[in-house]
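Enquirer: The following block contains the structure, expressed as structure tokens.
The values are calculated or read from the model by the stated rules, or taken from the named source; none is laboratory data. A quick note: this is a predicted structure, and the numbers were derived from the prediction, not measured. Positions of Cβ are backbone-derived with ideal geometry, glycine not excepted, and every protein chain shown enters the neighbour counts. Surface areas here come from the heavy atoms of the whole protein model, side chains and all, with no ligands, DNA or RNA. Shrake-Rupley method; radii C 1.70, N 1.55, O 1.52, S 1.80 Å.
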Amino acid sequence: MNLHDLPQGALASALALQREAFARDPMPSAAVRRERLDRLTRLLKDNQQAICEAICADFGHRAHTETRLIEIFPSLEAVRYARRKLAGWMKPARRHTSLWFLPGRSEVRYQPLGVVGIIVPWNYPLYLAIGPLVGALAAGNRALIKMSEFGPNFGALFARLIREAFPPDLVSVVLGGAEVAAEFSALPFDHLLFTGSTPVGRIVMAAAAKNLTPVTLELGGKSPAIVAPGFDITTAAQRIGFGKTMNGGQTCIAPDYVLLPRGQEEAFIAAMRAFAQKLYGDAASPDYASVAHERHYARLRALLDEARAMGARIEPLLADGAISGRKLAPVVLLGGTPQMRLMQEEIFGPILPVIPYDTLDEAIAYVNERDRPLALYVFDDQRSRIESLLDRTASGGVTVNDCILHIAQDDIPFGGVGPSGIGRYHGPEGFKTFSQQRSVFRQSAWNASAILHPPFGKPLAERLIKLMLR
Ligand code: NAD
């Protein structure tokens with residue numbers, strides 16, 4: 001089903017259709033789940049070109065190879081991993097039973113929740129639809145997916161591909177603007193996973209609360225990179241530069257700003273500029289992505305104009321070249337002050353403030369004084385100092401000595417903490433997020449519980465109670 005121009009009640013009917021189908025098949029076998037995941041593999045493999053073209057059209061420009069690397073590859077990996085692991089994840093887990101209840105047995109069983117709602121942003125429209133869908137299907141659920149109105153070409157393509165791969169009572173895609181999104185998040189799903197901005201996350205959680213629908217909120221925030229004293233500045237500049245320019249900086253876990261030992265600023269800028277030029281030549285490069293839509297482009301320009309007017313030094317890393325459309329050359333910014341919006345808000349574009357520090361304690365304090373971020377990047381060669389940095393800061397995830405890559409590890413959970421998100425998915429944690437972790441205690445034929453029944457005061461029961469309360 002493709003809910004384009006939504007007639008009244010269409011969303012509720014789509015949910016009801018999936019609910020009914022779920023009631024008929026509440027515990028699909030591992031083989032059935034694998035077959036469903038295989039359909040996703042085929043969808044991804046058979047439509048690479050169309051996927052790249054649609055996303056490129058929505059962005060204004062994004063290299064097809066970049067889409068293959070940052071969307072299709074991690075999507076395929078997520079499917080492959082879940083396919084391989086799901087039979088093990090589905091097995092009931094034996095748990096400890098206290099002495100007093102033996103020989104009874106305790107276990108946790110993983111049951112599908114039912115129908116999962118998935119809300120997708122525009123920046124990684126394929127991966128952020130497929131990733132949650134893999135978790136939902138592996139856990140035996142059905143899913144309704146709301147695509148972003150800011151990616152109309154890809155939204156329409158994905159709706160068609162899903163329609164061709166799955167019946168509407170198993171997976172279906174919803175298209176439409178903020179109004180549809182609001183109606184979508186008010187549906188009584190069994191679980192709702194939202195990926196997007198923190199302000200909209202608040203609205204989504206409030207809507208879900210009315211139904212007591214549990215939510216996973218995958219939000220954003222300002223993810224710092226900390227370069228420790230003594231770490232090779234060129235290596236740090238290259239790895240941070242790659243994380244910041246990938247997808248034109250429009251990555252939820254892109255390094256938002258960098259904390260650098262004071263005095264290293266010029267070397268860092270020079271190394272990052274040389275690296276950016278090696279990667280792209282100039283900002284007109286076909287390998288460099290555009291800012292995906294006009295409102296966002298205007299916002300980024302306004303952030304830069306404000307910072308410049310307030311005295312920041314802005315260092316372009318690439319010449320504009322024969323730049324057209326919404327390409328924004330990456331820049332490093334020095335002299336940022338707390339009054340500037342780009343020092344307060346998630347930047348979500350190719351602008352990198354560099355903040356010098358005198359002591360590592362000062363850098364840690366800077367991070368800890370702010371909202372807990374989605375990601376944190378630590379560049380350091382000293383093992384004990386890395387451990388200490390990890391212990392003394394908080395974030396959803398961490399990559400040590402590089403950027404972004406923790407998201408691509410399918411066996412570790414992905415999610416935020418505090419304002420950067422609630423809950424997690426990917427791998428076994430994703431499976432659990434989309435499962436009811438049902439507690440089961442099996443009483444044995446023979447057991448001693450009757451000894452403790454009233455009337456109270458029997459000598460054997462009294463002796464037992466004394467032991468129990470020892
Ligand atoms: P957004 O919050 O504007 O929109 C996300 C989705 O929410 C869209 O599908 C939109 O239609 C929908 N939406 C809009 N209004 C809604 C409402 N009232 N109720 C319900 N849904 C509504 O975010 P965006 O601009 O698409 O994406 C950028 C943001 O997403 C950044 O903050 C980024 O950090 C974050 N992000 C986070 C992750 C992550 O995995 N944590 C990944 C990518 C992006």
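Enquirer: Among the candidates 415, 427, 423, 397, single out the residue that is out of contact with any strand residue (DSSP E or B) (no Cβ under 6 Å at 6 or more places or on another chain) and touching a residue at least 24 places away in the same chain (Cβ under 8 Å). Explain how you work it out, then say what you get.
Expert: Numbers: 415 fails: out of contact with any strand residue (DSSP E or B) (no Cβ under 6 Å at 6 or more places or on another chain); 423 fails: out of contact with any strand residue (DSSP E or B) (no Cβ under 6 Å at 6 or more places or on another chain); 397 fails: out of contact with any strand residue (DSSP E or B) (no Cβ under 6 Å at 6 or more places or on another chain).
Just one listed residue meets the conditions, 427.
Enquirer: Does residue 299 count as charged (D, E, K, R), at pLDDT below 95 and within 16 Å of the ligand (Cβ to nearest atom)?
Expert: no
Enquirer: Which of the residues spanning the range 178-195 are within 7 Å of the ligand (Cβ to nearest atom) and open to solvent by 20 Å² or more (accessible area, probe 1.4 Å)?
Expert: 178, 181, 182
Enquirer: Scan the range 399-426 for residues that are in a helix (DSSP H, G or I) and surrounded by fewer than 22 Cβ atoms within 10 Å (Cβ to Cβ) and report the count.
Expert: Keep residues of the range 399-426 that are in a helix (DSSP H, G or I), which gives 405-408, 418-420.
Still in the running and surrounded by fewer than 22 Cβ atoms within 10 Å (Cβ to Cβ): 405-406, 408, 418-419.
Counting residues in the range 399-426 that are in a helix (DSSP H, G or I) and surrounded by fewer than 22 Cβ atoms within 10 Å (Cβ to Cβ) gives 5.
Enquirer: Within the range 371-385, can you find the residues that are open to solvent by 10 Å² or more (accessible area, probe 1.4 Å) and either touching a residue at least 24 places away in the same chain (Cβ under 8 Å) or touching a His at 6+ places or on another chain (Cβ under 8 Å) (or both)? Let's see the steps before the verdict.
Expert: Initially, the range 371-385 is screened for residues open to solvent by 10 Å² or more (accessible area, probe 1.4 Å), giving 371-372, 381-385.
Residues satisfying the conditions are 371, 372, 381, 382, 385.
Enquirer: Can I ask one more? Residues in the range 71-86: is at least one under 19 Å from residue 22 (Cβ atoms), among the hydrophobic types (A, V, I, L, M, F, W, C) and touching a His at 6+ places or on another chain (Cβ under 9 Å)?
Expert: Among the residues of the range 71-86, not one is under 19 Å from residue 22 (Cβ atoms), among the hydrophobic types (A, V, I, L, M, F, W, C) and touching a His at 6+ places or on another chain (Cβ under 9 Å), which makes the answer no.
One line per residue, one yes/no per condition, for (1) assigned to a strand (DSSP E or B); (2) within 15 Å of the ligand (Cβ to nearest atom); (3) closer than 27 Å to residue 124 by Cα; (4) in the same structural domain as residue 240 (by TED's automatic domain parsing):
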site: 339; (1), (2), (3), (4): no, no, no, yes
site: 349; (1), (2), (3), (4): no, yes, yes, yes
site: 353; (1), (2), (3), (4): yes, no, yes, yes
site: 365; (1), (2), (3), (4): no, no, no, yes
site: 372; (1), (2), (3), (4): no, yes, yes, yes
site: 377; (1), (2), (3), (4): yes, no, yes, yes
site: 381; (1), (2), (3), (4): no, no, no, yes
site: 387; (1), (2), (3), (4): no, no, no, yes
site: 395; (1), (2), (3), (4): no, yes, yes, yes
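Enquirer: Looking at the range 324-370 only, could you name the residues that are in contact with a Ser or Thr (Cβ under 7 Å, 6 or more places away or on another chain), over 24 Å from residue 245 (Cβ atoms) and surrounded by fewer than 16 Cβ atoms within 10 Å (Cβ to Cβ)? Walk me through how you get there before you give the answer.
Expert: The first filter runs over the range 324-370 and keeps only residues in contact with a Ser or Thr (Cβ under 7 Å, 6 or more places away or on another chain), leaving 325-327, 330, 343, 350, 364, 367-368.
With over 24 Å from residue 245 (Cβ atoms) added as a condition, the list becomes 364, 368.
Within the range 324-370, 368 is the sole residue that qualifies.
Enquirer: Sticking with this structure for a sec: Kindly indicate whether any position in the range 109-120 is more than 16 Å from the ligand (Cβ to nearest atom) and more than 23 Å from residue 143 (Cβ to Cβ).
Expert: no
Enquirer: If I ask for residues that are within 15 Å of the ligand (Cβ to nearest atom), within 30 Å of residue 437 (Cβ to Cβ) and in a loop (DSSP other than H, G, I, E, B), which ones from the range 136-153 would you list?
Expert: Passing the criteria: only 147.
Enquirer: Exactly one of these conditions fails for residue 94: (1) within 29 Å of residue 439 (Cα to Cα); (2) part of a helix (DSSP H, G or I). Give me its number.
Expert: (2)
Enquirer: Taking residue 431, is it open to solvent by less than 20 Å² (accessible area, probe 1.4 Å) and assigned by TED's automatic domain parsing to the domain that holds residue 85? I'd like the intermediate steps shown before the answer.
Expert: Details: open to solvent by less than 20 Å² (accessible area, probe 1.4 Å): yes; assigned by TED's automatic domain parsing to the domain that holds residue 85: yes.
The answer is yes for residue 431.
Enquirer: In addition: In this structure, does residue 396 turn out to be at pLDDT below 95, surrounded by 15 or more Cβ atoms within 10 Å (Cβ to Cβ) and under 30 Å from residue 216 (Cα atoms)? It would help to see each step written out before you state the result.
Expert: Numbers: at pLDDT below 95: no; surrounded by 15 or more Cβ atoms within 10 Å (Cβ to Cβ): yes; under 30 Å from residue 216 (Cα atoms): yes.
So residue 396 does not fit the description; no.
Listed here are the residues, each with its yes/no results for (1) assigned to a helix (DSSP H, G or I); (2) open to solvent by 40 Å² or more (accessible area, probe 1.4 Å); (3) outside the structural domain of residue 158 (by TED's automatic domain parsing).
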{"site": "37", "(1), (2), (3)": "yes, no, no"}
{"site": "43", "(1), (2), (3)": "yes, no, no"}
{"site": "54", "(1), (2), (3)": "yes, no, no"}
{"site": "58", "(1), (2), (3)": "yes, no, no"}
{"site": "66", "(1), (2), (3)": "yes, no, no"}
{"site": "69", "(1), (2), (3)": "yes, yes, no"}
{"site": "75", "(1), (2), (3)": "yes, no, no"}
{"site": "84", "(1), (2), (3)": "yes, yes, no"}
{"site": "106", "(1), (2), (3)": "no, no, no"}
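Enquirer: Condition test on residue 211, is it in contact with a Lys or Arg (Cβ under 8 Å, 6 or more places away or on another chain), within 16 Å of the ligand (Cβ to nearest atom) and modelled with pLDDT of 95 or more?
Expert: Working: in contact with a Lys or Arg (Cβ under 8 Å, 6 or more places away or on another chain): no; within 16 Å of the ligand (Cβ to nearest atom): yes; modelled with pLDDT of 95 or more: yes.
So residue 211 does not fit the description; no.
Enquirer: OK, next. Residue 98 versus (1) within 24 Å of residue 158 (Cα to Cα); (2) exposed (fewer than 15 other Cβ atoms within 10 Å of the Cβ); (3) of a type in the set (Ser, Thr, Tyr): which is the lone unmet condition?
Expert: (1)
Enquirer: Still on this model: Select from the range 12-31 the residues that are over 18 Å from residue 81 (Cβ atoms) and open to solvent by less than 60 Å² (accessible area, probe 1.4 Å) and list them in ascending order.
Expert: Selection gives 12, 14, 15, 16, 18, 21, 22, 25, 28, 29.
Enquirer: Considering only residues that are of a type in the set (A, V, I, L, M) and closer than 19 Å to residue 380 by Cα, look in the range 227-252 and name the one that is most open to solvent (accessible area, probe 1.4 Å).
Expert: Applying the filter and picking the extreme gives 233.
Enquirer: Let me ask something else. Out of the range 156-179, which residues are in contact with an Asp or Glu (Cβ under 8 Å, 6 or more places away or on another chain) and touching a residue at least 60 places away in the same chain (Cβ under 8 Å)?
Expert: Passing the criteria: 169, 175, 176.
Enquirer: Looking at the range 164-173, is at least one residue in contact with a His (Cβ under 8 Å, 6 or more places away or on another chain) and within 13 Å of the ligand (Cβ to nearest atom)?
Expert: no
Enquirer: Scanning for something part of a loop (DSSP other than H, G, I, E, B) and open to solvent by 30 Å² or more (accessible area, probe 1.4 Å), does the range 267-281 turn up at least one residue?
Expert: Going residue by residue through the range 267-281, those that are part of a loop (DSSP other than H, G, I, E, B) are 281.
This time we only want the ones that are open to solvent by 30 Å² or more (accessible area, probe 1.4 Å), so: 281.
Yes: the range 267-281 contains one or more residues that are part of a loop (DSSP other than H, G, I, E, B) and open to solvent by 30 Å² or more (accessible area, probe 1.4 Å).
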